[in-house]
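Colleague: My structure is below; once you've seen it, I'll send some questions.
Read the figures in this text as sums done on the coordinates, not as results from a lab. No experiment lies behind these values; they were computed from the predicted model shown. Note that we place each Cβ from the backbone using ideal geometry, even for glycine, and neighbour counts take in every protein chain shown.
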Amino acid sequence: MIIAEINMKILSLVLPFLLLLHFGCSSQQETLKGLSYDPPGSVVTTDKEIELQHRRTISFASTKVFSSNEFDGGKLNDFYQVNDTLYTAEMNAENVPINNSAWFAFKLWSPVKQSISILLKYKDGTHRYYPKMSRDKINWTRVDSLNFSIDTANGTALVRVDISPDTLWLSAQELFTSSKYYKWIDDLAEMQFVKKEVIGTSALGKPIVEVEITETNKPSGLIYVIGRQHPPEVTGALALKSFVETLTGGLELAKEFRKKYKTVVIPLVNPDGVDMGHWRHNSNGVDLNRDWVNFNQKETRLVKEKLLSIREESNVPVLFCIDFHSTQKDVFYITNKDAAKQVDEIYNKTMAWFEKIKEKNPGYFVNIDASLNNPSAPTSDSWMFNTFNCPALTYELGDETLREEIKQTSSAAAEAMMELLLKNVK
Ligand SMILES: [Zn+2]
């Protein structure tokens, strides 16, 4: 009797997690009403009021512990003391309904060296990300597993850290905020064959930057790459970076590719959400990757108009579209093969790309999911698929996929795409 009850309890705890695993960041269902894992109402893309966190430093006189969210990407709604060594950090979603991407990021310090424990507690969400820490906001490590535990019953987690006068950042993922993107893009644009353009600004006035990579004035085709519609999806950002750096790199393959094609990259679609430490939405409280039918938001409109105008001006086809994201595992969401015209050609091209990725990564499981993806979904991949009639995918990286592996597989994915498109045209 007791065992049965425990089993039922475990099942009730594990089942939502299993469902979440299955329905990752960007899977899709049949109608525009929503996607299967989205909470009801969350795909309404008209502006919604958001709850702003206060940017502030909170300190405790008795223990001389300081905490702060005063930096881009920071997320800490409240921080309070339970006893001499235990504190609670509270994080709230920017608004609801929202899918569970419970982001946290704050810094800690004390003039007195000490070990403290912090209970990570979420409003409208449950613990998701394995904590990372850094002393310089550049180099990050995972918190030692001995100092970390999750309470699945309450959706909280407990983390123990050593603090000192040397500031410690504790975050759901590495901080990859707008300033880092802008610096990266500036570095890329130093190369003769890379051109950058600010195509407009976000709702809060941050630049949305587009990058073009080509060595010809008359490309035979276009490749579109976008990313970071969802703020916490840092592993997708790392993959996009590696993918693009392979296209701009020194391989003969890349040089040949640049002489034939133009790649257009918009790496940061949602700079406001990223810098505000949002769980999923833009500064208007909207999931941008559910706005690709209605285009109610400035950011999605800007990206759409730019992609359309480049297509129109160059008068050559778009050959490949990739939107980078993150979820619990590496997975490629592709359009359902029964869903559109000329589907065989597009489907076969997509599958040929996966085959090449497999060849380049022996032992790597190329996880493909076409089961939920429908061209009528209000997502970027569906819009690109319908508009450009070419392979249009959502490339998802796992939240905890090893960073070296992300770099390698996404670079191999870029090589595979270049080989495929060069071969097809010859
Ligand atoms: Zn996403």
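Colleague: Amide H of ILE208 versus every other amide H placed in the peptide plane: which residues, excluding those fewer than 5 positions away on the same chain, fall under 5 Å?
Modeller: Under 5 Å from the amide H of ILE208: ILE199, GLY200, THR201, SER202.
Colleague: Moving to a separate point now. Given the Cα atoms of segment 178-425, and with Rh set as the inverse mean 1/r over their pairs in the Kirkwood sense, what is Rg to Rh to two decimals?
Modeller: 0.93
Colleague: Moving on. Just list whichever of LYS260/LYS360; LYS75/LYS132; LYS48/LYS183; LYS137/LYS360; LYS48/LYS107; LYS196/LYS259 have alpha carbons separated by over 21 Å in the model shown.
Modeller: Violating the 21 Å Cα-Cα cut-off are LYS260/LYS360; LYS48/LYS183; LYS137/LYS360; LYS48/LYS107.
Colleague: Further question on the same structure: Quick one: compute the contact order of the chain, relative version, from alpha carbon pairs under 8 angstrom and 6+ residues apart, as a percent.
Modeller: It comes to 17 percent, rounded to a whole number.
Colleague: Figure the gain on full extension for ASP72 and GLN192 (residue separation times 0.36 nm, minus the Cα-Cα span) and round it to one decimal in nm.
Modeller: Stretched out fully, the ASP72 to GLN192 stretch lengthens by 40.1 nm.
Colleague: If you take every DSSP beta bridge fully contained in segment 178-425, what fraction is antiparallel? Give it as a percent rounded to 5.
Modeller: 40 percent
Colleague: Would you list, by chain and number, the aspartates and glutamates whose Cα falls below 15 Å from the Cα of LYS64, excluding same-chain residues fewer than 8 positions away?
Modeller: ASP84, ASP162, ASP166
Colleague: Now for a separate question. Leaving out same-chain residues fewer than 8 places away, which aspartates and glutamates sit with a Cα under 15 Å from that of LYS218?
Modeller: GLU256, GLU312, GLU313
Colleague: Taking the alpha-carbon centroid of each part, what is the distance from segment 282-296 to segment 44-86 in angstrom?
Modeller: Value for the Cα centre distance between the two parts: 26 Å.
Colleague: Within 10 Å of each residue's Cβ, count the other Cβ atoms and sort VAL286, VAL316 from fewest upward.
Modeller: Lowest to highest Cβ neighbour count: VAL316, VAL286.
Colleague: Describe numerically, in nm with one decimal, the distance between label points set 7 Å from Cα along Cα→Cβ at HIS54 and at GLU313.
Modeller: Here the modelled spin labels are 4.7 nm apart.
Colleague: Mind checking which aspartates and glutamates have their C-alpha under 13 Å from LYS121, skipping anything on the same chain fewer than 8 residues away?
Modeller: Within reach: ASP78, GLU90, ASP151.
Colleague: Report, by chain and number, residues whose modeled amide H sits under 5 Å from the one on TYR87, excluding near sequence neighbours (fewer than 5 apart, same chain).
Modeller: VAL82, SER117, ILE118, LEU119
Colleague: Considering the chain, what Rg and Dmax in Å follow from its alpha-carbon atoms?
Modeller: Taking only Cα atoms of the chain, I get Rg and Dmax of 22.0, 74 Å.
Colleague: Using the Cα centre of the chain as origin and beta-carbon charges of +1 (Lys, Arg) and -1 (Asp, Glu), tell me which of PHE388, THR235, LEU222 is placed farthest towards the positive end of the dipole.
Modeller: In the chain, that residue is LEU222.
Colleague: For the residues SER309, SER171, SER314, what sequence is obtained by ranking on other C-beta atoms within 10 Å, fewest first?
Modeller: Sorted ascending by nearby Cβ count, the order is SER309, SER314, SER171.
Colleague: In a Debye calculation with equal point scatterers on the alpha-carbon sites of segment 355-426 and no solvent, what is log10 I(q)/I(0) at q = 0.15, 0.17 Å⁻¹?
Modeller: -0.64, -0.81
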